[in-house]
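See structure below.
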Protein chains: 2
Amino acid sequence: MPIERFAENPLLCPADIEPSRDGFEVIGTFNAGAFRLGDRYGLLVRVAERPVNDDPALVPVPAFDTRSYPPTATSETLRRDDTLWDFSTCVVSPAKNNPVQHCRLTNLSHLRIAWSTDGRRFILDRSSGSTIWPDNQFERFGIEDARVTQIGGAYCITYSAVSDRGICVGLLSTTDFRLFARHGIILPHENKDACVFPEKIDDEYVMLHRPSSGWCRPGMWIARSHDLTHWGRHEFVAAPRPGRWDSRRIGAGPPPVRTKDGWLEIYHGAGDDGYGLGAVLLDTDNPARVIARSREPVMLPETDYERHGFVDNVVFCNGLIQENDAELRLYYGGADTVTAGAACIVRDLLDSLE
Amino acid sequence: MPIERFAENPLLCPADIEPSRDGFEVIGTFNAGAFRLGDRYGLLVRVAERPVNDDPALVPVPAFDTRSYPPTATSETLRRDDTLWDFSTCVVSPAKNNPVQHCRLTNLSHLRIAWSTDGRRFILDRSSGSTIWPDNQFERFGIEDARVTQIGGAYCITYSAVSDRGICVGLLSTTDFRLFARHGIILPHENKDACVFPEKIDDEYVMLHRPSSGWCRPGMWIARSHDLTHWGRHEFVAAPRPGRWDSRRIGAGPPPVRTKDGWLEIYHGAGDDGYGLGAVLLDTDNPARVIARSREPVMLPETDYERHGFVDNVVFCNGLIQENDAELRLYYGGADTVTAGAACIVRDLLDSLE
């Protein structure tokens, strides 16, 4: 296996942070985007919270009220024996005869910055400017899974915006991680796992994304843009592979890394046994073209913090920092609960592809 | 009811056209986009064909091979008792244990032009330049339901591109309906029912569209663009309404019409009893804002050609020609089989909204 977990893992845990409001508990500090700002390492961490609930017969389904900023949070409580709802997964889905026509979540996410000087020991920033809250109707159930791409002196941040209107891709930008500009919804539902390439190709920005519908199993797509806000020229990149570890769904991870062989992209795949990480190599000039792909996963859930948590058996990477041409540091979520890190040698990853 | 069907209906039937290839039959000439070119009326008709099959135990599932243009067509044949597939709707879906991971169709659509001098009697153009065929991997199961918007001297055409990769929105443009430029996929799956406004608003092109996912019932959204190819600033416009005629899904019809009260959009809605047409009035300066909407449908399937066909009980409108400020001609599909027409007075439609 070409990936080596940090000895310091897990790097961030729910116990590291106080709940943002009375009556809530933190259940996840995970799926962090990663970046460098000056001589510091930064993580943009997804913080998931839920209403405290001691009664297994009840299921609170909270939502943000985004008329104020930071938003307030409200919660309805459903009964677990209510046949109008399906509680079998971590998404609460309406049954066919339910007049409510959209899914709900049992927890709400926002984004918070953590800083490090060595990329291994991170401290959550508790200042108010270091938290990004949902602020519109498309984010009432939370904002999740940020990918940070540095383009020159600016950073663009793609994330999942979740609400009763679906799961969409939103865009933020910043130069200092104190002030953030919002650029609205750049891809409508259902789409997630979007990450922007760190440079233009053929004079256009390029982004991987993952549309989902009932028509086919979710795979990786690519789109292009002149301004990062308006996207077109959508093309298919890669699909789940029947019978393999990534048979059910795949999606891009952190922004691709330029290598002399092509763009190296770490992706997540889910099969019958949970989530793993793979790698795919995309053509330098036409990144819609796959040159090579992991036959076997480059990382599977193995440690306790990857195997047991809010969702068992998940490694999910959306943060990456290139140390130099030879080495990558991956920041990944374990079991939808903690943030962990790992190092790998680019050459080893490339050599593992078929 | 403010809408009056043409006495000439249906305007186009499957019997009006020869199959494009041996072994196929035409089953639909429907869901036509509409436009004016000089002193002629034009329809861009969806022509649906399927392999001839006399054995009810068999279900042919055809596909285009787009390596040549016009494309060739191939067909696999499934057995209706094959438990790997679900044949209960007109889309053939894989069962959970099927290694094939995408839906199939039982028929293939292309687009063909019909001309008229009075807007009521149309003749299909049989010249080769008047047919638009699928020509890439995103169109292997056909191209469907064109919306034509005239912007100055050019026309932009949005349509559904269907393949094993999902149902996406494609864009064509033309000035003469002889030569067409292709602009690729402008919205990834699952999305359809896209139509472009006939003028820029706030210096951007504007488009209605209809994303779908399992998260919520499909509704109308809006997006904006500087160049018609790259789209962003997605916003929600309108949802299905529980307990009403449009409770299951809604989608935009033909391009919106500017009135002094706002943008008038004819949309389709499906509830428990099939498809009907409604109208919605959008704010002139901010068309994401709904000012008024049909309480009751403005048109429901009533005639034999609307109630019986490939899909029973469907009226679906994606073509409209404004005769003058006061009158509209709607071109609509009946029962997913024929093209029909109807006239209405703009004022009557506006007065019917709540």
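Odds and ends about this structure:
- Filter result for A:ASP304 (at negative phi, at pLDDT below 95 and of a type in the set (D, E, K, R)): no
- Unique residue being surrounded by fewer than 24 Cβ atoms within 10 Å (Cβ to Cβ), charged (D, E, K, R) and facing chain A (nearest Cβ under 7 Å) when the list is B:ARG178, B:ARG249, B:ARG217, B:ARG244: B:ARG217
- Enumeration of residues in region A:85-97 that are farther than 18 Å from B:PRO242 by Cβ and either touching a residue at least 40 places away in the same chain (Cβ under 8 Å) or within 11 Å of chain B (Cβ to nearest Cβ) (or both): A:CYS90, A:VAL91
- Checking B:ALA223 against (1) over 19 Å from B:GLY166 (Cα atoms); (2) within 7 Å of chain A (Cβ to nearest Cβ), the condition it does not meet: (2)
- Criterion (among the polar types (S, T, N, Q) and touching a Pro at 6+ places or on another chain (Cβ under 6 Å)) met by exactly one of A:ASN324, A:ASN318: A:ASN318
- Pick from region B:190-214, criterion within 9 Å of chain A (Cβ to nearest Cβ) and part of a loop (DSSP other than H, G, I, E, B), ranking: least open to solvent (accessible area, probe 1.4 Å): B:SER212
- For A:PRO242: the one exception among (1) more than 22 Å from A:GLU204 (Cβ to Cβ); (2) under 18 Å from the mean Cα position of the chain (by Cα); (3) not in a strand (DSSP E or B): (2)
- Matching residues in region A:86-100 - criterion: being in contact with a Leu (Cβ under 6 Å, 6 or more places away or on another chain) and either open to solvent by 30 Å² or more (accessible area, probe 1.4 Å) or aliphatic (A, V, I, L, M) (or both): A:ALA95
- Checking A:ASP135 against (1) free of Cβ contacts under 8 Å to residues at least 24 places away in the same chain; (2) more than 14 Å from chain B (Cβ to nearest Cβ), the condition it does not meet: (1)
- Subset of region A:35-54 [of a type in the set (A, V, I, L, M, F, W, C) and within 16 Å of A:SER160 (Cα to Cα)]: A:LEU44, A:VAL45, A:VAL47, A:ALA48
- Filtered by the rule that a residue be open to solvent by 10 Å² or more (accessible area, probe 1.4 Å) and over 21 Å from the mean Cα position of the chain (by Cα), region B:252-287 gives B:THR259, B:LYS260, B:ASP261, B:ASP283, B:THR284, B:ASP285, B:ASN286.
- Of all the criteria given as (1) in contact with a strand residue (DSSP E or B) (Cβ under 9 Å, 6 or more places away or on another chain); (2) part of a loop (DSSP other than H, G, I, E, B); (3) open to solvent by 70 Å² or more (accessible area, probe 1.4 Å), the one not satisfied by A:THR83 is (1).
- Residues of region A:294-337 that are outside any loop (DSSP other than H, G, I, E, B), among the aliphatic types (A, V, I, L, M) and either within 22 Å of A:ARG241 (Cβ to Cβ) or open to solvent by less than 10 Å² (accessible area, probe 1.4 Å) (or both): A:MET299, A:VAL315, A:ILE321, A:LEU328, A:LEU330.
- Residue count, region A:225-239 (criterion: open to solvent by 10 Å² or more (accessible area, probe 1.4 Å) and part of a strand (DSSP E or B)): 4
- Applying the criterion of at least 1 residues that are open to solvent by 70 Å² or more (accessible area, probe 1.4 Å) and in contact (Cβ under 8 Å) with a residue 12 or more places away in the chain to the strands (runs of 3 or more DSSP E) found wholly in region B:1-76 leaves B:3-5, B:24-37, B:40-51.
- The residues of region B:123-154 that are of a type in the set (Phe, Trp, Tyr) and open to solvent by 10 Å² or more (accessible area, probe 1.4 Å), listed by number, are B:TRP133, B:PHE138.
- Hey, B:ARG178 touching a residue at least 24 places away in the same chain (Cβ under 8 Å), under 19 Å from B:ARG40 (Cα atoms), of a type in the set (Lys, Arg) and assigned to a strand (DSSP E or B) or not: no
- Qualifying residue in region A:106-114 (condition: exposed (fewer than 12 other Cβ atoms within 10 Å of the Cβ) and either under 25 Å from the mean Cα position of the chain (by Cα) or not in a strand (DSSP E or B) (or both)): no
- Beta carbons closer than 6 Å, at least 6 apart along the sequence or on distinct chains, pair a first residue in region B:98-112 that is under 15 Å from B:SER163 (Cβ atoms) and within 7 Å of chain A (Cβ to nearest Cβ) with a second that is open to solvent by 30 Å² or more (accessible area, probe 1.4 Å) and outside any loop (DSSP other than H, G, I, E, B) for B:CYS103/B:VAL91; B:CYS103/B:SER93.
- Sole exception among (1) among the small types (Gly, Ala, Ser); (2) open to solvent by 10 Å² or more (accessible area, probe 1.4 Å); (3) within 14 Å of chain B (Cβ to nearest Cβ) for A:ALA161, by number: (2)
Here's the yes/no breakdown for (1) farther than 30 Å from A:HIS183 by Cβ; (2) in contact (Cβ under 8 Å) with a residue 60 or more places away in the chain:
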| site | (1), (2) |
| --- | --- |
| A:HIS230 | no, no |
| A:VAL257 | no, yes |
| A:ALA279 | no, yes |
| A:ALA292 | yes, yes |
| A:ARG295 | yes, no |
| A:ASP312 | yes, no |
| A:ILE321 | no, yes |
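- Taking the conditions (1) on the phi > 0 side of the Ramachandran plot; (2) within 10 Å of chain B (Cβ to nearest Cβ) in turn, A:HIS230 satisfies each one other than (1).
The values are calculated or read from the model by the stated rules, or taken from the named source; none is laboratory data. What you see is a predicted model, and the numbers here were worked out from it, not measured in a lab. Heads up, the Cβs are rebuilt from the backbone with ideal geometry, glycines too, and the neighbour counts pull from every protein chain shown. Accessible surface is based on the protein model in full, side chains and every heavy atom, while ligands, DNA and RNA are left aside. Shrake-Rupley method; radii C 1.70, N 1.55, O 1.52, S 1.80 Å.
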